[in-house]
Amino acid sequence: MSTARKVMSAVMKAIRVSEFGGEEVLKLQTDVPIPKPQINQVLIKVFTAGVNPVDTYIRSGAYARLPELPYTPGNDCAGIIHAVGDNVKQFTKGQRIYCMRGEGTYGEYTVSDEEFVHPLHDNLSFSQGAALGVAYFTAYRALLIRAAAKPGESVLVHGASGGVGLAACQIGHARGMKVIGTAGSAEGMCIVSRNGASKTFNHKEDGYAEKISEYTDGEGVDVIIEMLANVNLATDLTLLKTNGKVVVVGNRGSIEINPRLTMAKESSIMGCMLWQMSKLESQEIAAQLEVGAEQGWVKPVIGKDFSLDQAQDAHHLVINNKTTTGKIIISMP
Ligand SMILES: NC(=O)c1ccc[n+]([C@@H]2O[C@H](COP(=O)([O-])OP(=O)(O)OC[C@H]3O[C@@H](n4cnc5c(N)ncnc54)[C@H](OP(=O)(O)O)[C@@H]3O)[C@@H](O)[C@H]2O)c1
């Protein structure tokens, strides 16, 4: 009997969602069948799972693409390969990996297509591995692929204290950009400055945008990576240099802007959606993150580590956090 077949008889602990709704619909179950990898998939023994804001949008039923009920939440995780499908050649049982698109990572096991799985560098812990998939691939795409930011350019990471923001600061700094970051607390600002920003501002302070403008001698910045566009987009347009670009990564509603502000400076507003990433981009990013882990500039910061039975608390925090200090993760029992 193959390894994949043997584990099928077993069950695992996992979070299940049987109806869309508030945090209370996240239920810990101990009898969830361990999934079986398809021919191009791997079965992962999950040690840690990343908690992303999108997990809460999906759980509440407010997201454009919803899974069939019941489902296990979560996309990214770190762990070891437990079994491989018949066509998988690049992974072997026991290998340390991280994954950016598991089919439900809030559980002891998950399956994923092999293209979304990457070796986890020895310099990174499993906790750090859970913070790589969604946040780092998004930050890299936003900064280096969508905005095509260059060494020497100035970048404002507007909302830098979270998973994507800290990744953008580390990547921008490593690529020789002048990084400015914002956070909503003193602790958040401190972490942002320790992770590549040469200057930080508090986005909850009155007049902080004017201070950013003064800091750039009124010239503005080349690129803005925006985590809350429905609040900041109008301001962002005043903070750009000529030919500057705003990349919308996060947005939770509507905002009125004056399009005239884009004319004189010929500025661009562009969206960024991780799942639009091509296979080639994914390979490029994974290779660059491997180099970053080797050289030490890819170093995910964990803000809070919950246990699996605290998944409801993890969801509450990721969407209500007022003092973000890195990525929120869940560790398996
Ligand atoms: N487009 C995509 O493909 C994609 C992929 C991943 C994530 N996202 C989205 O990007 C956003 C960030 O994701 P994440 O994983 O980094 O979330 P996170 O870890 O929860 O971080 C949220 C960030 O937003 C900041 N923030 C709060 N109020 C702000 C304001 N008024 N102005 C600017 N920033 C503010 C927070 O700072 P303080 O707490 O310090 O105030 C924190 O730095 C989320 O909306 C998420 O859904 C999009």
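Can you pull out the residues in the stretch 251-277 that are open to solvent by less than 50 Å² (accessible area, probe 1.4 Å) and either of a type in the set (Val, Ile, Thr) or outside any helix (DSSP H, G or I) (or both)? Break it down into steps so the answer makes sense when it comes.
Here is the first cut: in the stretch 251-277, the residues open to solvent by less than 50 Å² (accessible area, probe 1.4 Å) are 253, 262, 267-268, 270-272, 274, 277.
Matches in the stretch 251-277: Gly253, Thr262, Ser267, Ser268, Met270, Gly271, Cys272, Met277.
How many residues does the stretch 181-199 contain that are outside any loop (DSSP other than H, G, I, E, B), in contact with a Ser or Thr (Cβ under 7 Å, 6 or more places away or on another chain) and surrounded by fewer than 23 Cβ atoms within 10 Å (Cβ to Cβ)?
The number of residues fulfilling the criteria is 3.
Restricting the stretch 32-79 to residues that are of a type in the set (Lys, Arg) and over 23 Å from Lys322 (Cα atoms), which is farthest from the ligand (Cβ to nearest atom)? Outline the logic, then answer.
Going residue by residue through the stretch 32-79, those that are of a type in the set (Lys, Arg) are 36, 45, 59, 65.
Filter again for over 23 Å from Lys322 (Cα atoms), leaving 36, 45, 65.
Details: Lys36: 29, Lys45: 25, Arg65: 12 Å.
Of everything passing the filter in the stretch 32-79, Lys36 is farthest from the ligand (Cβ to nearest atom).
In the stretch 206-230, how many are more than 22 Å from Arg141 (Cα to Cα) and out of contact with any helix residue (DSSP H, G or I) (no Cβ under 8 Å at 6 or more places or on another chain)?
The number of residues fulfilling the criteria is 12.
Being charged (D, E, K, R) and touching a residue at least 60 places away in the same chain (Cβ under 8 Å) is the requirement here; does Asp236 meet it? First the steps, then the outcome.
Numbers: charged (D, E, K, R): yes; touching a residue at least 60 places away in the same chain (Cβ under 8 Å): yes.
Considered against the rule, which asks whether it is charged (D, E, K, R) and touching a residue at least 60 places away in the same chain (Cβ under 8 Å), Asp236 comes out as yes.
So which residues in the stretch 284-324 are within 14 Å of the ligand (Cβ to nearest atom), under 14 Å from the mean Cα position of the chain (by Cα) and not in a strand (DSSP E or B)?
Within the stretch 284-324, Ile285, Pro300, Val301, Val318, Ile319, Thr324 qualify.
Test each condition in (1) touching a residue at least 24 places away in the same chain (Cβ under 8 Å); (2) open to solvent by 70 Å² or more (accessible area, probe 1.4 Å); (3) in a strand (DSSP E or B) for Arg16 and report the one that comes out false.
Every condition holds for Arg16 apart from (2).
The values are calculated or read from the model by the stated rules, or taken from the named source; none is laboratory data. Note that this is a predicted model, so its numbers are computed, not measured. Note that we place each Cβ from the backbone using ideal geometry, even for glycine, and neighbour counts take in every protein chain shown. Heavy atoms of the whole protein, side chains included, go into the accessibility calculation; ligands, DNA and RNA do not. Shrake-Rupley method; radii C 1.70, N 1.55, O 1.52, S 1.80 Å.
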